[in-house]
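A short write-up of the structure that comes next.
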Amino acid sequence: METIEAISLGAVQGLTEFLPVSSSGHLQLAKELMGVELENNLLFDITLHAATVLSTIVVLWSEIWGLVKGLFSRGYNDEKRYILKLVVSMLPIGVVGLLLRHDIDAMLASEYIMLIVGGMLLLTAALLAFAFYARPRQKQTISYRDAFVIGTAQAVASMPGLSRSGTTIATGILLGNAKAAVATFSFLMVLAPIMGQLLLDVADGGFATSNIGTMPLVAGFLTSFIVGCFACRFMINMVKRGKLIWFALYCAIVGAVAIGSYLF
C-alpha cells in the first residue's frame with residue numbers, strides 16, 4: 001500500500017465513521033476504486049478504527065470525563081444511570097460480534113458485496129428520511145428501553161453499507177428522543193464495541209497479517225484522527241439542526257450507483 005492510498009483511505013474512514021453514510025460501505029467502494037485489498041491488511045483496518053476512537057474521545061472528552069467522575073462518586077447518580085444505559089445499548093452488538101463476526105467478514109469478501117452495500121445504503125437513506133420527516137416528542141433523557149432498542153439498531157448496522165451512526169441516530173429520533181441527546185449517546189455507545197473489535201482483531205493475528213510499511217500506517221492513522229475530529233463535531237451540529245435529509249439523498253445516490261456498478 002502506498003502512502004497516498006493510506007492517506008486517502010484514512011480520510012474516508014475518519015469522515016464516514018461519523019457521518020451517516022456507512023464507513024464500511026465507503027471503504028469497500030474506495031477499495032474497489034483504488035484496487036486496494038483492504039481485507040488483507042487487517043492491521044491497517046485496526047489502525048484506522050483506533051484513530052476514530054481517539055477522535056471520539058477528544059471531541060467528547062468533557063462528557064466522558066464527567067461520566068468518569070460520576071462513576072467514582074458515592075451514590076447512584078445520573079452519571080451511573082447513563083453509563084448503565086450505555087452498557088445496555090452494547091449488549092446486542094456484543095452478541096452479534098461474538099456469534100456472527102466471521103460471517104460478516106466473509107460477506108465483505110463476497111462477489112455480491114457491491115450489491116449488498118448498495119442495498120444497505122438505500123436502507124440508510126430511507127431511515128434518515130423517516131427521521132427527518134417524523135415529528136415525535138423530544139425526550140431529553142434516553143430511557144433504558146430506548147437504549148436497548150438503539151443498541152439493537154447498532155447491531156443490525158453491522159451489515160456492510162448500513163450506517164451505524166445513521167441507523168442509531170435515526171432510531172433514537174424516531175423513538176422521540178432529543179436530537180442532541182441522541183447524537184452524543186450514539187457516539188459514546190460505540191466506543192467499547194469498537195475497542196472490543198480491535199482487541200479481537202489483534203487476537204486473531206491482526207499484526208501478523210500486515211504487509212504494509214510504517215509510513216502508510218502513520219499517515220493513515222493521523223489522517224483518520226484529524227478528519228474524524230472535524231467530522232464528529234460537524235455531525236453533532238448537523239443532527240442538532242435536523243439536516244439529515246441531505247445525507248439521505250447522498251446515500252440514495254451512492255447506493256444506486258453501487259447497485260448499478262454491480263448490475264452493469
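Since every read-out is calculated from the coordinates, none of them should be taken as a lab result. The model shown is predicted, which means the values in this text are computed figures rather than measured ones. Counting neighbours? That spans all protein chains shown, and the Cβs are built from the backbone with ideal geometry, glycine included.
Site pair residue 237 and residue 249 shows an inter-label distance of 2.0 nm when each label is modelled 7 Å from Cα along Cα→Cβ. Projecting the Cα positions of 127, 64, 110 onto the charge dipole of the stretch 64-128 (unit charges on Cβ atoms of Lys, Arg, Asp and Glu, taken about the Cα centre) puts 64 furthest along the positive direction.
The relative contact order of the chain, computed from alpha carbon pairs under 8 Å that lie at least 6 residues apart in sequence, is 40 percent.
Rounded to the nearest 0.05, what FRET efficiency do residue 256 and residue 2 have when you use their Cβ-Cβ distance and R0 = 41 Å?
E between residue 256 and residue 2, to the nearest 0.05, is 0.85.
Could you compute the longest span of the chain free of trypsin sites (Lys or Arg not before Pro) located in DSSP loops and having at most 14 other Cβ atoms within 10 Å, not counting the site residues?
On the way: sites that count: 74, 137, 243.
Answer - 138-242.
Distance from the Cα centroid of the stretch 105-137 to that of the stretch 172-197 is 18 Å (rounded to whole angstrom).
Provide the gained length on full extension for the span residue 141 to residue 91, in nm with one decimal, where the gain is 0.36 nm per separating residue minus the Cα-Cα distance. Walk me through the numbers on the way to the answer.
On the way: separation 50, 0.36 × 50 = 18.00 nm, distance 1.98 nm.
Once the chain is fully extended between residue 141 and residue 91, it gains 16.0 nm.
Extension gain for residue 54-residue 222 works out to 59.4 nm (0.36 nm per residue, less the C-alpha to C-alpha distance). The GNM of the chain, with springs linking C-alpha atoms under 10 angstrom apart, assigns the highest mean-square fluctuation among 17, 32, 111 to 111. For residue 139, the residues whose modelled amide H falls within less than 5 Å of its own, excluding neighbours fewer than 5 places apart on the same chain, are 177, 178. Considering only 119, 66, 75, the mean-square fluctuation computed in a Gaussian network model of the chain, springs between alpha carbons under 10 angstrom, is largest for 75. Full extension of the segment from residue 103 to residue 72, taken as 0.36 nm per residue of separation minus the current Cα-Cα distance, would add 7.3 nm.
Under 1.5 on a/c is rounded, so check that first for the stretch 72-135, then, if it is not, pick prolate when a/b is larger than b/c and oblate when it is not; a ≥ b ≥ c are the square roots of the alpha carbon gyration tensor eigenvalues.
Values: a/c = 5.26, a/b = 1.58, b/c = 3.34.
Oblate, since a/c reaches 1.5 and b/c is not below a/b.
Measuring max minus min along each principal axis, the C-alpha atoms of the stretch 3-263 give extents of 52, 39, 34 Å (largest first). The lysines whose alpha-carbon is closer than 23 Å to the alpha-carbon of residue 240, local same-chain residues fewer than 8 away aside, are 85, 139, 179.
Please identify the chymotrypsin sites (Phe, Trp or Tyr not before Pro) of the stretch 1-93 that satisfy two criteria: DSSP loop assignment and at most 11 other Cβ atoms within 10 Å. Which are they?
Numbers: sites: 18, 44, 61, 65, 72, 76, 82; in loops: 18, 72, 76.
Here the sparse-neighbourhood loop sites are 72, 76.
Taking 159, 238, 215 in turn, the Gaussian network model of the chain (Cα-Cα springs below 10 Å) assigns the largest fluctuation to 215.
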